[in-house]
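One structure is given here, and the rest of the page talks about it.
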Amino acid sequence: MRARLLVVLLAFSVTAVAAFAWPLLTVTARERTQQLSIGRTADLARFAGLVQQDDSEQLVSEVNRTRLCTASRSWVVNAQRQPISPPAASPCRMPMWRR
């Protein structure tokens, strides 16, 4: 009798925890995705501002720094599609704890 009750209570508690955890996990994932999107959009706005200021040296420096921080393979081209900041040869191999 006690064992059956324990199994039922255990199943109920696992279901309750999963029911409360799932919405929390989805909200957290959505929030992190939104923060990443906002950060990348801000980076693009910064790059566009540097292009408008015609400061290619600073632009290349900013793009390279972004590559190091985000391990992205980004590059910038001008209106004639010539690279201002060419793509990196390979993505950065930075440990996860440093990102």
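Annotations for the structure displayed:
- Members of the range 66-88 that are open to solvent by 80 Å² or more (accessible area, probe 1.4 Å) and either in contact (Cβ under 8 Å) with a residue 60 or more places away in the chain or more than 15 Å from the chain's Cα centre (by Cα) (or both): Trp75, Ala79, Gln80, Arg81, Gln82, Pro83
- Comparison of Val27, Val14, Val51, Val63 shows that the only residue that is in contact with a Ser or Thr (Cβ under 7 Å, 6 or more places away or on another chain) and surrounded by 10 or more Cβ atoms within 10 Å (Cβ to Cβ) is Val63.
The values are calculated or read from the model by the stated rules, or taken from the named source; none is laboratory data. Remember, predicted model here, so these are calculated numbers, not experimental data. A quick note on method: Cβ atoms are made from the backbone with ideal geometry, for glycine too, and the neighbour counts reach across all protein chains shown. In case anyone asks, the SASA skips ligands and DNA or RNA and just uses the protein heavy atoms, side chains included. Shrake-Rupley method; radii C 1.70, N 1.55, O 1.52, S 1.80 Å.
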